[in-house]
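A quick write-up on the structure given underneath.
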Amino acid sequence: MNGVLDLFSICILTETSNILNLQTYDGGMSLEDRKCCVEARHRSRDLLDWFFSRYQLVRAGTVLDGYKDVYLRFLARVVIALVQYKKLATKAKIRQLGRCTTAAVENQVDRCFKGVQEYQTAAAYWNGKEVDSFAWPSDAEHIFGVELLSKPKERSGALNGLTTDDEMYEKQQPL
């Protein structure tokens, strides 16, 4: 389980790169940096597609939808924790870098995931549950196993690295 969570963590880092990049809050990322983020997300999404075409995640003998039930929920948990930590830093009067305010981070999260129903569903999963860290929970409800599929599934192949924010940007200036 831990190796898979490590893989997912790397993918989550690329998925949130627009949110984490301080240039986002100080005039916007350069075209080159945005392209690099898009390419990193594309490679990350391709890696996830490959992983889920060869492995399945199981809990108590039940096959999970690993992408939705684990990866997207993990991504949503990290994003929720990121916003919560930003709020705590603001409350504690920790020095703010540039225009990276809590509202700006929340806006960027919205810009990246607005209209992405699978992400919204994953984020809603955490409603009423404590999200106090970036870590995947270790309680019985969240522990899973990993099984190699006897025959790989066909890969989707229709992946890109764009977020909703990138798509809006691309309408103004092609990437």
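The values are calculated or read from the model by the stated rules, or taken from the named source; none is laboratory data. All of these numbers come straight from a predicted model, not from anything done at the bench. When we count neighbours, we look across all protein chains shown, and the Cβ atoms used for this are built from the backbone with ideal geometry, even at glycine. Areas reflect the complete protein model, heavy atoms only, side chains present, ligands, DNA and RNA absent. Shrake-Rupley method; radii C 1.70, N 1.55, O 1.52, S 1.80 Å.
For the subset of the range 133-146 comprising residues that are small (Gly, Ala, Ser) and in a loop (DSSP other than H, G, I, E, B), which member is nearest to the chain's Cα centre (by Cα)?
ALA135
Tell me, please, whether a residue that is open to solvent by 70 Å² or more (accessible area, probe 1.4 Å), within 27 Å of MET29 (Cβ to Cβ) and of a type in the set (Lys, Arg) can be found in the range 109-121.
yes
The conditions are (1) over 16 Å from TYR119 (Cα atoms); (2) part of a helix (DSSP H, G or I); (3) open to solvent by 30 Å² or more (accessible area, probe 1.4 Å), and LEU13 fails exactly one of them. Which is it?
Unmet condition: (1).
Going through the range 28-73 one residue at a time, which ones are in a helix (DSSP H, G or I), farther than 20 Å from GLU118 by Cα and either open to solvent by 20 Å² or more (accessible area, probe 1.4 Å) or of a type in the set (D, E, K, R) (or both)?
Correct list: LEU31, GLU32, ASP33, ARG34, LYS35, CYS36, GLU39, ALA40, ARG54.
For the range 98-105, indicate whether the set of residues that are more than 22 Å from ALA40 (Cα to Cα), free of Cβ contacts under 8 Å to residues at least 12 places away in the same chain and not hydroxyl-bearing (Ser, Thr, Tyr) is non-empty.
Yes.
Could you list, in sequence order, the residues of the range 88-132 that are among the polar types (S, T, N, Q), closer than 24 Å to ARG34 by Cβ and part of a loop (DSSP other than H, G, I, E, B)?
Hits for the range 88-132 are GLN96, THR101.
If you check ARG77 against the conditions, is it open to solvent by 20 Å² or more (accessible area, probe 1.4 Å), under 21 Å from TYR125 (Cβ atoms) and not hydrophobic (A, V, I, L, M, F, W, C)?
no
Can you confirm whether the range 16-26 contains a residue that is polar (S, T, N, Q), out of contact with any His (no Cβ under 8 Å at 6 or more places or on another chain), surrounded by fewer than 18 Cβ atoms within 10 Å (Cβ to Cβ) and farther than 18 Å from VAL109 by Cα?
Checked the range 16-26: no residue is polar (S, T, N, Q), out of contact with any His (no Cβ under 8 Å at 6 or more places or on another chain), surrounded by fewer than 18 Cβ atoms within 10 Å (Cβ to Cβ) and farther than 18 Å from VAL109 by Cα.
Among the residues of the range 157-175, how many are open to solvent by 60 Å² or more (accessible area, probe 1.4 Å), in contact (Cβ under 8 Å) with a residue 40 or more places away in the chain and of a type in the set (Gly, Ala, Ser)?
Adding up the residues that qualify gives 1.
Return the only residue of THR101, THR90 being in contact with a Phe, Trp or Tyr (Cβ under 9 Å, 6 or more places away or on another chain), open to solvent by 30 Å² or more (accessible area, probe 1.4 Å) and at pLDDT 90 or above.
THR101
Taking the residues in the range 129-151 that are open to solvent by 90 Å² or more (accessible area, probe 1.4 Å) and not acidic (Asp, Glu) as candidates, determine which candidate is modelled with the lowest pLDDT.
SER138
Pairs needed: first member in the range 33-62, β-branched (Val, Ile, Thr); second member anywhere, part of a strand (DSSP E or B) and open to solvent by 70 Å² or more (accessible area, probe 1.4 Å); C-beta distance under 9 Å; at least 6 residues apart or different chains.
VAL58/GLU147
Quick check, is GLU154 open to solvent by 70 Å² or more (accessible area, probe 1.4 Å), of a type outside the set (S, T, N, Q) and within 22 Å of ARG73 (Cα to Cα)?
no
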